[in-house]
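> Pasting a structure below so you can have a look.
The values are calculated or read from the model by the stated rules, or taken from the named source; none is laboratory data. Please read all numbers here as calculations on a predicted model, not as lab measurements. Please note: Cβ atoms are built from the backbone with ideal geometry, for glycine as well, and neighbour counts cover all protein chains shown. In case anyone asks, the SASA skips ligands and DNA or RNA and just uses the protein heavy atoms, side chains included. Shrake-Rupley method; radii C 1.70, N 1.55, O 1.52, S 1.80 Å.
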Amino acid sequence: MQKLFPRLVAIFPLIFPLYLLKGNFFGIPVTLPELMCGFLFLLFLLYHEDFHFRHWKLWPVFLFLAAAVVGALIVPEVTRMMDGTSFPAQEKALGILKGWIFVPLLYFVMARSTFRDKPSMITLALRSMMVGGVVLAMMALWQVCTGSFITADGRASGPFESANYLALYLGPIVVYAVMAFWRALTSQGWRERIFLGVCAAVCAAALYFTFSYAAFLAVLGSLGLGLILFLRRRGKGALLAAVFAVCVVGAGIVAAQAGTAKFEQALSAGERSSTSVRIQVYEIAGYLISEHSILGIGLGQFEQKYQEVAETALGVLPYELNMLHPHNIFLAIWLSLGLAGLVAFIWLCYKGLLWLLENDQHERNFVALMLVCILIHGLFDTPYFKNDLAFQFWLIIAMLI
C-alpha cells in the first residue's frame with residue numbers, strides 16, 4: 001500500500017468534478033470527492049506514522065485555514081433575505097468551510113507530502129486532471145454538436161449549470177496541455193505528442209464554446225507569458241514567432257466573436273450590460289469591504305449582504321438584484337475570509353509564482369502558469385469558491401510550495 005498510495009493521490013484529480021455526485025454521511029451532506037479524500041487521508045495517517053508539520057513552514061496555509069474558521073464563526077445562525085425569507089447562514093458557512101476549505105486542505109497535505117517524496121508524481125497528477133478535463137470537454141462539445149445545451153444562453157457547460165463554471169476549470173488545464181505539448185515537440189516521442197496535442201485541442205475547443213471572454217484572456221495571457229519566459233533564451237526569432245502565434249489566435253477569437261450580442265454587450269458600459277453589472281458589483285463589494293475591512297462578512301454571505309446594501313452603496317437599485325459572488329477572487333477572499341485570508345492568499349500565490357523563474361523537469365514552471373491563469377481569470381470572476389476549483393487550486397499550490 002505504501003507504494004500504491006502516491007499513485008492514488010496523484011490520480012485523485014480525475015474525480016475533482018464528481019462533486020456533482022452528492023449524498024449524506026451520518027446526516028452530513030457530502031460529495032464523492034469528499035468521501036474519497038477522507039478515506040485517502042485515513043490511509044495517509046495509517047501509513048505515514050512519522051508525518052508531522054514541523055519542517056513544513058506553511059504559515060500562509062495555516063493563516064488561510066484560521067481565517068476561514070473565523071469566517072465561519074462570525075456568521076449568525078439565521079439571517080433574512082430581502083424578501084423576508086429565513087436563510088440558514090451558519091449552516092451554509094460551515095458547509096463551505098468543510099467542502100471548499102477543510103477537505104481540499106486535507107488533499108493538499110497528502111499531495112504536498114507525496115510530491116516532496118516523489119516529484120515524478122507531479123506529472124501523473126497533472127495528466128490525471130487533464131484527462132478529467134478532456135471528459136468534461138467532450139461532454140461540452142457533444143452539447144455543441146447536438147444543440148442540447150443545459151444553459152439558458154446556449155453556451156457549452158458540460159455537466160455544470162453555468163458555462164463559466166466549465167471555463168474556470170478548463171482554463172488552467174488548457175494552459176498546461178498547450179505548454180506540455182509545446183515541450184513534447186522537442187523532447188518526446190510521437191505517442192506523447194499525439195496524446196498531449198489531442199488533449200489540448202479538445203479542451204481548447206470546449207473552452208471556446210463556453211464563450212467566456214475572461215477565460216480567453218486568462219489563457220492567452222498565461223500562454224503569452226510562458227512563451228516569453230521560456231523562449232527568451234532561444235533567440236528573438238523564436239520568441240517573436242511564438243508571441244505572434246498567440247496574437248493571431250487572440251485576433252481570430254475577436255474576429256469570430258465580433259458582431260455577436262455577447263461581444264457587443266461586453267464592450268458596452270450601458271444599462272444592464274455585463275460590464276456595467278460588474279462595475280456595480282465591484283462598487284458594492286468595495287462598500288462592504290469598507291464596512292467590514294478586518295474580518296469580512298463571513299463565508300457564503302455575499303448574496304444576502306449584496307441585497308442588503310446594494311441600494312445604499314449605489315444610490316440606486318442595482319441592475320441585478322441577485323449576485324452570488326463579487327466576480328473578483330481578491331474581493332471574494334477579502335469579504336469571505338477577512339484581511340488575514342487575503343494576505344494568506346497573496347502570500348501563497350507569491351511563493352508559487354516564483355517557479356516561473358525556474359527550469360524544472362517536473363513541470364512546476366507550467367504549474368505556475370496555471371496559477372497565473374487562475375489569477376488573471378480571478379480579476380473578472382471567482383475561481384476558488386466551488387468544490388472542484390478549490391481542489392484544483394490546492395493541487396497547484398501543493399506542487400509549487
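> In whole angstrom, how far apart do the alpha carbon centroids of segment 1-49 and segment 333-401 sit?
So the separation of the two Cα centres works out to 22 Å.
> Using only the Cα atoms of the chain, build the gyration tensor, take square roots of its eigenvalues as a ≥ b ≥ c, and label the shape rounded, prolate or oblate: rounded if a/c is under 1.5, else prolate if a/b is larger than b/c, else oblate. Before the final figure, lay out the partial values.
Values: a/c = 1.60, a/b = 1.11, b/c = 1.44.
Here the chain falls in the oblate category.
> Find me the longest stretch of the chain that has none of the exposed trypsin sites (Lys or Arg not before Pro), where exposed means in a DSSP loop (not H, G, I, E or B) with at most 14 other Cβ atoms within 10 Å.
58-271
> Can you pull the one-decimal nm distance between simple spin-label points at L339 and A258, each 7 Å off the Cα toward Cβ?
4.7 nm
> What is the set of long-range amide H partners of V30 at a cut-off below 5 Å, with H atoms built 1.01 Å from backbone N?
G23, N24, F25
> At 1.4 Å probe radius, can you tell me the per residue accessible area of segment 295-401 in Å²?
Accessible area per residue, segment 295-401: 33 Å².
> Whole-Hz Karplus ³J(HN,Hα) for segment 107-123, in order, using 6.51 cos²θ - 1.76 cosθ + 1.60 and θ = phi - 60°, x for Gly and Pro?
So the J values, rounded to whole Hz, are 5, 4, 4, 5, 5, 5, 4, 5, 5, 5, 7, 9, x, 4, 6, 4, 5.
> I've got another one for you. Which value results for Rg/Rh of segment 119-260 when Rg is the Cα radius of gyration and Rh the Kirkwood radius based on the inverse mean 1/r?
Rounded to two decimals, Rg/Rh equals 0.99.
> Report the calculated FRET efficiency for A241 and L324 (r = Cβ-Cβ distance, R0 = 45 Å), to the nearest 0.05.
0.60
> In addition: From the phi of every residue in segment 286-302, what ³J(HN,Hα) in whole Hz does the Karplus formula 6.51 cos²θ - 1.76 cosθ + 1.60 yield, where θ is phi - 60° and glycine or proline is x?
Using θ = phi - 60°, the values come out as x, 5, 5, 5, 5, 8, 9, 6, 8, 9, x, 9, x, 5, x, 10, 5 Hz.
> Picking from L32, L14, L46, which is most flexible by a Gaussian network model of the chain using Cα springs under 10 Å?
L46
> Would you please give the FRET efficiency between L46 and N359, computed as 1/(1 + (r/R0)^6) with r the Cβ-Cβ distance and R0 = 41 Å, to the nearest 0.05?
The value I calculate is 0.65.
> Over segment 55-128, average the accessible area per residue using a 1.4 Å probe and give it in Å², no decimals.
That works out to 46 Å² for each residue.
> Roughly speaking, what is the stretch gain from L229 to L18, that is 0.36 nm per residue apart minus the C-alpha to C-alpha distance, in nm to one decimal?
In short, 72.5 nm is gained.
> Looking at this model, which pairs from K3/K98; K92/K305; K22/K92 are more than 18 angstrom apart at the alpha-carbon?
Pairs exceeding the cut-off: K3/K98.
> Okay, moving on. Would you calculate, for the chain, the mean residue ellipticity at 222 nm contributed by helices, counting each DSSP H stretch of 4 or more residues as -39,500 (n - 2.57) and dividing by all residues, to the nearest 500?
-22000 deg cm²/dmol
> What's the carbon and sulfur percent of the chain's accessible surface, probe 1.4 angstrom, rounded to a whole number?
Roughly 66 percent, rounded to a whole number.
> What does segment 183-236 give for Rg and for Dmax, in Å, if only its C-alpha atoms count?
13.6, 36
> Under the Kirkwood approximation applied to all pairs of distinct alpha-carbon atoms, what is the hydrodynamic radius of segment 280-401 in Å?
Across segment 280-401, the inverse of the average 1/r is 15.3 Å.
> Sticking with this one: Considering the Cα trace of segment 334-401, what is its radius of gyration and what is Dmax, both in angstroms?
Reported Rg and Dmax, both Å: 12.1, 38.
> What would the Debye formula give as log10 I(q)/I(0) at q = 0.14, 0.27 Å⁻¹ for the alpha-carbon point model of segment 142-198, no solvent?
Ignoring solvent entirely, the Cα scatterers give -0.53, -0.94.
> Please find the FRET efficiency linking T312 to Q188, where r is the Cβ-Cβ separation and R0 is fixed at 45 Å, and quote it to the nearest 0.05. Each step should come with its number before you reach the end.
Values: r = 58 Å, r/R0 = 1.29.
Using R0 = 45 Å, I get an efficiency of 0.20.
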